[in-house]
Amino acid sequence: MSAVPFDPFARTLFGQPRTLITLCLTEMWERFSYYGMRALLVLFMIAPTSEGGMGMSAVEAAGIYAVYVSLVYLTPLPGGWIGDRVLGPRRTVFVGGAVIAAGHIVLAIMGGSGLFLALFLIIIGTGLLKPNMTAMVGALYASRRDLSDAGFSIYYMGINLGAFLSPLVCGYLGQEVSWELGFGAAAVGMILALVQYGIGTRGMGDLGAKPENPLNHAERRRYGIGAAIGLLAAVGVVLLDLFVLHVSANVIELAITLVILLVPIAWFTRTLRAERGNTEQRNRVLVLLVLFCAAAVFWLVYDQAGSTVAIFAQEDTRNTVFGLDFPSSWFQSVNPLLIIALAPVMAIIWTALGVRGKQPGTAYKFAGGLLLVAVSMGVMVFAAQAAIDGKVAAMWLIAVFAIQTVGELMLSPVGMAAATRLSPPDRVSQTLGVWFLATSVGDAIGGRLAQFYDSLGQTAFFGMLGLIALVATFVVLALARPLGRLVQD
């Protein structure tokens, strides 16, 4: 029995499709699990073994964290392809959520001994879930593109409600009770996401029910054989390293970084060649490429919050506000709390400007986001200088996260909406997978730069990051008008 055609605007709430609520709540619980575990990950790895941690150095922990986050945002590319061509977005989201839940359960039960297995499962599951969930949100606005920026801003608010709650719950349990209990709370969050999603999809008709461009029989056979060969090759490399080569972690991290850089290069090259006869779509892909590079620089700086900035919060910050002490992981809740407060405001602003025809182009929004993240690193420079004489006040980091939040709202939800608009029509999930690769590329490069955190010193390190973001700001501003000529924005 075929799915019933679905009109998302048949039932609305404040002008937005009601189905958006289901997708927002599902993503909220998924982000609760992800950010809850992420808030604890580096702190768990650098904690002494006598306190239940893994006893790693700050540089080693930051490197593992960077590779993990990079791969989390690399796997949405094949995950989007599976949604587009094999399972359809709706089923792919559910399978991905189940795999993520399994990863959190492994970490809660096995602790450090199960770290890499847990991270592997979470990486695979997130790759399946993330682009297909976003593609379903984009599909809601296929007939009303003028509302997509506002809709994605509301969706982004749902994401950050989960991100706000998770460090408070998982961070407190992990740092104050036991690491395993903190990771277990993240597992509960993912299970709640699956329950919410399973209930909500009953009223979605044909939304995301089938792949947009399903594989034919010959393609299924060809890709199936290729996947089997790839899996056997990966297992062989792992076994060879374990029993023969014993390659250092730094070499493995470098190899993964190179792969992460090569994947988007290959995708954009192939897509531009495929669209050679379609000037309009080729221009759209070129604009997407520029936005991709700008977003990669943004996330390179921004995602230091979970590694070097988290270490600074733990070791160089007085975690006290109004006389009350709190775990350093609670700093991770500042950004999502501000997003919850500011996302509706941004949605209202973009909607109002759009109605009046005065909304700034996507490139100008991106430039604003990059400028603000550069300013935030300037604040970190002053904080690092103040830390030379002892731990600094918590307000330094709160100011950093506040500045970054406004920048994020100018770039991230706007970027997701732009990716859905600029995508080739038969590859939306796949294109969103590529879009998330911008975070992967930024985090991979940021992880390599994090190795200089100790050797450069904190002041020079944060100053370097700020300079990178500032240069990117001026580049995007210089390209804004040419991009506008390629694609009306």
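Quick notes
- Residue under evaluation Arg31, criteria (1) at pLDDT below 85; (2) buried (at least 22 other Cβ atoms within 10 Å of the Cβ), criterion not met: (1)
- Selection from segment 191-226 of residues that are surrounded by 14 or more Cβ atoms within 10 Å (Cβ to Cβ), touching a residue at least 40 places away in the same chain (Cβ under 8 Å) and not in a loop (DSSP other than H, G, I, E, B): Ile191, Leu192, Ala193, Leu194, Gln196, Tyr197, Gly200, Thr201
- All told, Tyr73 falls short of being modelled with pLDDT of 85 or more and under 14 Å from the mean Cα position of the chain (by Cα).
- The single condition among (1) among the small types (Gly, Ala, Ser); (2) under 30 Å from Gln458 (Cα atoms); (3) in contact with a Phe, Trp or Tyr (Cβ under 9 Å, 6 or more places away or on another chain) that Gly368 does not meet is (3).
- Looking only at residues of segment 40-62 that are in contact (Cβ under 8 Å) with a residue 24 or more places away in the chain and touching a Gly at 6+ places or on another chain (Cβ under 6 Å), we find that the one that is nearest to Ala163 (Cα to Cα) is Leu40.
Per-residue answers, yes or no, for (1) part of a helix (DSSP H, G or I); (2) in contact (Cβ under 8 Å) with a residue 60 or more places away in the chain; (3) crowded, with 24+ Cβ neighbours inside 10 Å; (4) among the charged types (D, E, K, R):
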{"residue": "Ala108", "(1), (2), (3), (4)": "yes, yes, no, no"}
{"residue": "Phe116", "(1), (2), (3), (4)": "yes, no, no, no"}
{"residue": "Phe120", "(1), (2), (3), (4)": "yes, no, no, no"}
{"residue": "Thr126", "(1), (2), (3), (4)": "yes, yes, yes, no"}
{"residue": "Thr134", "(1), (2), (3), (4)": "yes, yes, yes, no"}
{"residue": "Ala139", "(1), (2), (3), (4)": "yes, yes, no, no"}
{"residue": "Ala142", "(1), (2), (3), (4)": "no, no, no, no"}
{"residue": "Leu147", "(1), (2), (3), (4)": "yes, yes, no, no"}
{"residue": "Ser153", "(1), (2), (3), (4)": "yes, yes, yes, no"}
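- Qualifying residue in segment 435-455 (condition: at negative phi and without any contact (Cβ under 8 Å) to a residue 60 or more places away in the chain): yes
- Exactly one residue out of Gly407, Gly433, Gly447, Gly378 is small (Gly, Ala, Ser), assigned to a helix (DSSP H, G or I), modelled with pLDDT of 90 or more and under 21 Å from Tyr73 (Cβ atoms), and it is Gly407.
Condition check ((1) surrounded by 16 or more Cβ atoms within 10 Å (Cβ to Cβ); (2) aromatic (Phe, Trp, Tyr); (3) modelled with pLDDT of 90 or more; (4) in a helix (DSSP H, G or I)) across all residues:
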| site | (1), (2), (3), (4) |
| --- | --- |
| Ala266 | no, no, yes, yes |
| Arg282 | yes, no, no, yes |
| Leu291 | yes, no, yes, yes |
| Trp299 | yes, yes, yes, yes |
| Tyr302 | yes, yes, yes, yes |
| Ser329 | yes, no, no, yes |
| Ala343 | yes, no, no, yes |
| Leu371 | yes, no, yes, yes |
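The values are calculated or read from the model by the stated rules, or taken from the named source; none is laboratory data. None of these values were measured; they are calculated from a predicted model. In this analysis, Cβ positions are derived from the backbone assuming ideal geometry, glycine residues included, and neighbour counts consider all displayed protein chains.
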